[in-house]
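The values are calculated or read from the model by the stated rules, or taken from the named source; none is laboratory data. These figures come from a predicted structure and were not determined experimentally. When we count neighbours, we look across all protein chains shown, and the Cβ atoms used for this are built from the backbone with ideal geometry, even at glycine. These area figures cover heavy atoms from the full protein model, side chains too; ligands, DNA and RNA do not enter into them. Shrake-Rupley method; radii C 1.70, N 1.55, O 1.52, S 1.80 Å.
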Amino acid sequence: APIAVWAGVDEPHEGYVARLRALRRNFTGPVLAVLPYGYAETGDAQRIELPPKHFTVLHPSRPARYRVNYGGRGPGRSWAFVRWLIVRGLERRRLVLCVREFQNSIEESVYRLIAEQIALLGLSAWFDVRATTITVRNGSEFIFAGIRTNPTKIKSMEGIDIAFVEEAEKVSARSWEI
């Protein structure tokens with residue numbers, strides 16, 4: 001699988017490019033350059049760009065049990081979090097649960113956005129996008145569920161590494177207890 005190289009939160013562009021070049025001297029496999037919008041050159045690394053605000057919130061140097069992004073309408077937050085999930089799924093084997101309050105069908109989930117971003121980023125070779133799940137060649141898996149639609153299924157799941165809650169403002173207090 002490709003390796004992800006995150007730009008430092010306050011790292012100058014030149015320093016990041018130098019790190020990528022140094023890595024290339026010892027590693028010939030695919031490299032994902034995870035960086036905020038605005039970095040000009042990344043050599044032959046595949047770019048995964050995030051808005052600067054989201055890049056800081058999602059950066060792995062800032063460990064957090066919860067990552068919450070507030071704001072109005074628009075695709076920026078969803079795209080940033082989905083790209084982050086894709087990178088995290090590629091880094092190592094992870095089980096990613098994508099939930100929302102109600103989900104009666106896969107069409108009501110973030111599934112489509114994840115599948116579209118995988119294709120847009122040119123990462124389809126590493127993913128198997130199926131009818132209701134998305135898996136990665138390294139064993140990572142994305143599963144989709146509605147909290148209120150199937151609470152028993154969610155309660156019985158084990159080994160969840162990341163839970164992505166779509167439209168969290170619509171999730172009831174009862175569902176947060178699950």
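For residues in the range 49-70 being part of a loop (DSSP other than H, G, I, E, B) and open to solvent by less than 60 Å² (accessible area, probe 1.4 Å), which is modelled with the lowest pLDDT? Residue satisfying both the conditions and the ranking: 69. For the range 30-48, the count of residues that are open to solvent by less than 30 Å² (accessible area, probe 1.4 Å), polar (S, T, N, Q) and more than 22 Å from residue 138 (Cβ to Cβ) is nonzero. On the basis of being open to solvent by 30 Å² or more (accessible area, probe 1.4 Å), among the aliphatic types (A, V, I, L, M), in contact with a strand residue (DSSP E or B) (Cβ under 9 Å, 6 or more places away or on another chain) and at pLDDT below 70, does residue 168 make the cut? When the stated conditions are applied, residue 168 passes them. Just one of (1) touching a Gly at 6+ places or on another chain (Cβ under 7 Å); (2) without any contact (Cβ under 8 Å) to a residue 60 or more places away in the chain; (3) within 30 Å of residue 165 (Cα to Cα) fails for residue 21. It is (3).
Could you go through the range 78-94 and let me know if any residue there is buried (at least 17 other Cβ atoms within 10 Å of the Cβ), under 24 Å from residue 6 (Cα atoms), in contact with an Asp or Glu (Cβ under 7 Å, 6 or more places away or on another chain) and modelled with pLDDT of 80 or more. Yes, the conditions are met somewhere in the range 78-94.
Considering every residue within the range 5-12, establish whether at least one is touching a helix residue (DSSP H, G or I) at 6+ places or on another chain (Cβ under 9 Å) and over 26 Å from residue 140 (Cβ atoms). For the range 5-12, residues touching a helix residue (DSSP H, G or I) at 6+ places or on another chain (Cβ under 9 Å) and over 26 Å from residue 140 (Cβ atoms): present. Looking at 19, 25, just one residue is assigned to a helix (DSSP H, G or I) and exposed (fewer than 10 other Cβ atoms within 10 Å of the Cβ), and that residue is 25. The set of residues from the range 1-10 being assigned to a loop (DSSP other than H, G, I, E, B) and surrounded by 17 or more Cβ atoms within 10 Å (Cβ to Cβ) comprises 1, 2, 7.
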